[in-house]
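S.K.: Dumping the structure here so I can ask a few things about it.
The values are calculated or read from the model by the stated rules, or taken from the named source; none is laboratory data. Predicted model only: the values in this text are computed from it and were never measured. Don't worry about glycine lacking a Cβ; one is built from the backbone with ideal geometry, like all the others, and counts go over all protein chains shown. Side chains included, ligands, DNA and RNA excluded: accessible areas come from the protein's heavy atoms. Shrake-Rupley method; radii C 1.70, N 1.55, O 1.52, S 1.80 Å.
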Amino acid sequence: MKHLLPVCLIAVMSAAVVPCASAQSQELRKGVSVQMATTNNATPMPAADNADAWIIAVTADGSLYFGTKPVTEEELVQEMRVNPRNRAAKLYIKPDARAPFASVKAALNAAHSDLFQNVVLLTNQAEAATPGTIVLPKGLEILLGTPPSSGAVVVQISAGQTMQVNNEDVPPAALQSTLKNLLQNRSQSVVLVKADDAVPFGQVGRVVDINASVGAKTVIHTQEP
């Protein structure tokens, strides 16, 4: 019996320590799984992991989810109108890279109808994560609506990965240098991005990422609220 007391004390001390370490770890928010587009210029968006964050997911087949609830475009608009939200909080769109742009645009239209002027497109990052660290969400912020009446560069993405900048054909590999040349003497660096409905979102996300790399704001045209 004399040898049992130290063992019991050690067991009790171990049991007391484990829950404390567990309580300090961050619980990542669960959501709809998608294969997000990979980008290089996204910025950290830690609030996207908050329990009350508004996240709209768009899956590869074009299905929409408000949080984890499947919705149509009309139901999405209704959900956004009846659910209370912090007006200062951001709206996060989490599109699958393979999702048709038409479905992503439906989510953006719903956001604009609920008076969001900008949203964040969540993306994967090209850099490797450091082992043992928590990977924070990252995203690219875009503006909704119509661009300024003058001064915006227009990028049109068509099916088959063809691209035009201000109605001139441009190879995708030359987009960054083309934008730099067009925007260097402008007071406002704004790029209006258009895409055919069937274009996979990954191609649109790449253009938004390149816009960020040259310091330009991206506008995606949406329906008037």
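S.K.: Keeping the other protein chains in place, figure out the carbon and sulfur percent of the accessible area of region 120-225, with a 1.4 Å probe.
M.R.: Details: 2680 of 5500 Å².
On region 120-225, the fraction of accessible area on carbon and sulfur atoms equals 49 percent.
S.K.: Let me ask something additional. Let me check something: with ligands and nucleic acids excluded, how do R85, R206 order by accessible area (1.4 Å probe), largest to smallest? Don't skip to the answer; put the middle values down first.
M.R.: Numbers: R85 50, R206 100 Å².
Most to least solvent-accessible, the answer reads R206, R85.
S.K.: Here's something else I'd like to know. In debye, nearest 20, what is the charge dipole magnitude of region 60-214 about its Cα centre with +1 on Lys and Arg Cβ and -1 on Asp and Glu Cβ, if you could check?
M.R.: Numbers: 13 positive and 14 negative charges, 99 e Å.
Roughly 480 debye for region 60-214.
S.K.: Across every pair of different alpha-carbon atoms, what Kirkwood hydrodynamic radius in Å does region 36-90 reach?
M.R.: 12.9
S.K.: Along Cα→Cβ, 7 Å out, is where each label goes; now give me the distance between the ones at Q78 and L182 in nm to one decimal.
M.R.: 4.1
S.K.: With a 1.4 Å probe and all protein chains in place, put Y92, Y65 in order of accessible area, largest first. Mind showing how you got there, number by number?
M.R.: Values: Y92 10, Y65 55 Å².
The ordering from most to least exposed comes out as Y65, Y92.
S.K.: Would you kindly derive the ³J(HN,Hα) couplings of region 182-190 from the backbone phi angles with the Karplus curve 6.51 cos²θ - 1.76 cosθ + 1.60 (θ = phi - 60°), listing them in order in whole Hz, with x for Gly and Pro?
M.R.: 6, 9, 5, 10, 9, 6, 10, 9, 10
S.K.: On alpha carbon coordinates alone, what is the Rg over Rh value for region 66-225, Rh being the Kirkwood radius? Please report the intermediate quantities before stating the final value.
M.R.: Details: Rg = 16.4 Å, Rh = 16.8 Å.
We get a ratio of 0.98 for region 66-225.
S.K.: So, one more: Given region 72-225, what percent of its DSSP beta bridges are antiparallel, to the nearest 5? Can you show the working numbers first?
M.R.: On the way: 13 of 26 bridges.
Percentage antiparallel, nearest 5: 50.
S.K.: How long is the gain from D61 to N124 if the chain were fully straight, where each residue apart is worth 0.36 nm and the alpha carbon distance is subtracted?
M.R.: On the way: separation 63, 0.36 × 63 = 22.68 nm, distance 1.90 nm.
Value of the extension gain: 20.8 nm.
S.K.: Ignoring ligands and nucleic acids, what accessible area does E74 show with a 1.4 Å probe (Å², nearest 10)?
M.R.: E74 has an accessible surface of roughly 130 Å² with all protein chains in place.
S.K.: On a C-alpha basis, how far is the centre of region 48-63 from the centre of region 123-187 in Å? Whole number, if you could?
M.R.: 22
S.K.: Quick check: with the 1.4 Å probe, what order do E127, E73, E168, E79 take by accessible area, largest first? Walk me through the numbers before you get to the answer.
M.R.: Numbers: E127 95, E73 65, E168 120, E79 35 Å².
Result of the area sort, largest leading: E168, E127, E73, E79.
S.K.: As a test, work out the antiparallel percent of DSSP beta bridges whose residues both lie in region 48-102, rounded to the nearest 5.
M.R.: On the way: 6 of 11 bridges.
Roughly 55 percent of the beta bridges in region 48-102 run antiparallel, per DSSP.
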